[in-house]
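For reference, the structure I am asking about is given below.
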Amino acid sequence: MSFSIRRVGALCLRYCYLIASSWPRLLELVYWPVLNLLTWGFLQNYAMTSTNRTLFVGGALVSGLLLWEILFRGQIGFSISFLEEVWSRNLGNLLMSPLRPFEFVAALMVMSLARLAVGLTPTVILAVAYFGFDLAALGVGFVAFFALLVVTGWAVGIVVAGLILRHGLGAESLAWTIMFVFWPLCCVYYPLAVLPGWLKPFALALPPTYVFEGMRAVLSEGVLRLDYLGAALALNVLWIGAASVAFVMLLNRARDAGSLLSGGE
Amino acid sequence: MTQDATPAIEVRSLVKNYGEVRAVDGLSFAIPAGSTTALLGGNGAGKSTTIGMVMGLVLPTSGEVRVLGTDMITRRHDVLHRMNFESPYVDMPHRLTVRQNLRVFALLYGVSDVAARIAALAADLDLKDFIDRPSGKLSAGQKTRVALAKALINEPEVMLLDEPTASLDPDTADWIRSHLERYRDRKGAAILLASHNMGEVERLCDRVIMLKKGRIEDDAAPAELIRRYGRSNLEEVFLDVARGRREAAE
């Protein structure tokens, strides 16, 4: 039996049932991105009237925030759907069903996109209306930035899922915190030049660094840097490949250690 | 009914080590279609690990496991749609209704007419009164019936059951056992179960494999074991084996 869209759809249906049955889950998708936007958006508005405006040209702060939310929410949306199976003790049922690991991952990717759409649509509308986010200025670049950041989020989500399979809920906190390693390194709010020399190689190994540099190039120079997009794409291919290999290895380690039967702490 | 020479479940020289601990030590057995076999043993005897290896969720250190002729170590996805399982250690999503849960699993297992299959199971297992209720709001007996419905959703040829009637009142437990017997006889399914309920094993199983420290201590029909050990029921046989009173059988 090969890859089955029907099985991927079945799992997506399960997550849709869950979200539709629980208004706190639906609210959670929207409230944090909006809250974050309000905080940083008001800071930007204040800074625009009183200090160095070049930092905030073209709504760079809010644009950075929105792209950061795409990266972060892409991973969290993936990881939470996976964690729902662990929390509900349903993982054994799924692993014993004909669902293949890559179909499981595909369903988690689809749900990550669905969660992003629900969470970010009101946030983007607010950002455009009140905080100078210029979607038109980013243009087609926004679509490319979005896709590249989501794929990085998935790569991290895949590794986290593998670690939870292997180590149980003891690894759960990684789902909430691992992405913050990226925050200072991938230069969300400042250019790469700000980082000390010894840290730059780490930053340059992260696909999102090129996306945020590319965003600033669009906003300040009006140029979509294809070299940045190309570098981010190439790194993402490496990242998603490495994450898939890590997932398969962790799954096999979990089968060897018998941890799929227990699935606890 | 399937009448194939290939055993439904075949285990050969199965070994599982967890670090220095040998949980399963050279098990070999074959289970034909249309039969019910129990794995019996005390805590740590290797029952759950053995069932985990038959499901393909635990990798053996060495040995072979085949289900319906398929190697479960390397090709388990070729046969998972023909088997199913029930265990008190897994659950179904609590917020989804019974119908929603069964629909998701029917789609996962490739059931062709999902609505008809759910309707048939609802009638068969008496789920109608709570089929649109969230699964988390059911009583223990209702949850077990729903778990059994999930285990039967694809009309499996092989069923693996871990404590299928744990924490149920005698009436509900008896009802579940009757249903399992009817299903096995109608479909020719092979059932492998782990249980601590000796009455259940005596009633349901044509064969009992007694495990101790990962090895097969004895293997026979329940009545034969009782006769062999000179006891009046299977519980006494279990105690003899667990406490090492093997001489009773000799």
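Any read-out appearing in this document is the output of simple, stated calculations on the displayed coordinates, not a laboratory observation. Note that the coordinates shown come from a computational prediction; the quantities given were computed from them, not determined experimentally. Reconstructed Cβ throughout: ideal geometry from the backbone, glycine too, with neighbour counts over all protein chains shown.
Tell me the Kirkwood radius of chain A: reciprocal of the mean inverse pair distance over distinct alpha-carbon atoms, in Å.
Across chain A, the inverse of the average 1/r is 19.5 Å.
Tilt of helix B:140-152 relative to the longest C-alpha principal axis of chain B, in degrees (0 to 90, nearest 10)?
90 degrees
Next up: Using just the helices of chain A, give the 222 nm mean residue ellipticity in deg cm²/dmol: DSSP H runs with n ≥ 4 each add -39,500 (n - 2.57), and the total is spread over all residues, rounded to 500.
After summing the helix terms and dividing by the residues of chain A, the value is -25500 deg cm²/dmol.
Around B:Asp219, which amide H atoms from residues at least 5 apart in sequence, or from another chain, sit under 5 Å from its own amide H, with H modelled in the peptide plane?
B:Met210
What residues qualify as long-range amide H neighbours of A:Ala205, i.e. H under 5 Å apart, gap of 5 or more or another chain, H built at 1.01 Å from N?
For A:Ala205, no residues qualify.
Can you compute the FRET efficiency between B:Ser167 and A:Tyr190 using 1/(1 + (r/R0)^6), with r the Cβ-Cβ distance and R0 = 41 Å? Round to the nearest 0.05.
About 0.10, to the nearest 0.05.
Let me ask you something else. Treat the count of other C-beta atoms within 10 Å as a stand-in for reagent exposure and order B:Met210, B:Met198, B:Met83 from fewest to most.
Ascending Cβ contact count within 10 Å gives the list B:Met198, B:Met210, B:Met83.
So, R0 is 25 Å and r is the distance between the beta-carbons of A:Val140 and A:Asn36; what FRET efficiency does that work out to, to 0.05?
Computed FRET efficiency for A:Val140 and A:Asn36: 0.45.
Over chain B, what is the percentage of antiparallel beta bridges among all DSSP beta bridges, to the nearest 5?
In chain B, DSSP labels about 55 percent of beta bridges as antiparallel.
Averaged over its residues, how many other protein chain Cβ atoms are within 10 Å of peptide B:54-66's Cβ atoms?
3
Please list, ordered by chain and number, the residues whose modelled amide H lies under 5 Å from the amide H of B:Ser28; skip anything fewer than 5 residues away on the same chain.
HN-HN under 5 Å from B:Ser28: B:Ser13, B:Leu14.
Output ³J(HN,Hα) for segment B:216-222: one whole-Hz value per residue in order, computed from phi by the Karplus curve 6.51 cos²θ - 1.76 cosθ + 1.60 with θ = phi - 60°, and x for Gly and Pro.
Coupling constants for segment B:216-222: 7, 8, 7, 7, 6, 5, x Hz.
Per residue of A:81-94, what is the mean number of Cβ atoms on other protein chains within 10 angstrom of that residue's Cβ?
Partner-chain Cβ atoms within 10 Å, mean over residues of A:81-94: 4.
Quick one: order A:Ser63, A:Ser88 by neighbouring beta-carbon count within 10 Å, fewest to most.
If I rank by nearby Cβ atoms, fewest first, I get A:Ser88, A:Ser63.
Further, regarding this structure: Listing B:Phe130, A:Phe133 from the residue with the fewest other Cβ atoms within 10 Å to the one with the most, what is the order?
Ranking B:Phe130, A:Phe133 by Cβ neighbours within 10 Å, fewest first, gives B:Phe130, A:Phe133.
Please give the FRET efficiency for A:Trp176 paired with B:Arg203, using the beta carbon to beta carbon distance and R0 = 51 Å, rounded to the nearest 0.05.
0.55
Nearest 5 is fine: what % of DSSP beta bridges in the protein assembly as shown come out antiparallel, could you say?
Around 55 percent of the beta bridges assigned by DSSP in the protein assembly as shown are antiparallel ones.
For B:Lys137, list the lysines whose Cα falls under 20 Å from its own Cα; do not include residues on the same chain fewer than 8 positions away.
Partners found: B:Lys128, B:Lys150.
Next up: Can you pull the mean other chain C-beta count within 10 Å for peptide A:28-41?
0
I've got another one for you. Relative contact order for chain A using alpha-carbon pairs under 8 Å, separation at least 6, rounded to a whole percent?
It rounds to 24 percent for chain A.
Hydropathy at least 0.0 by Kyte-Doolittle, axial extent at least 24 angstrom from the Cα trace: which helices of chain A, defined as entire DSSP H runs, fit?
Span-like helices here: A:23-50, A:60-87, A:101-130, A:140-167, A:226-257.
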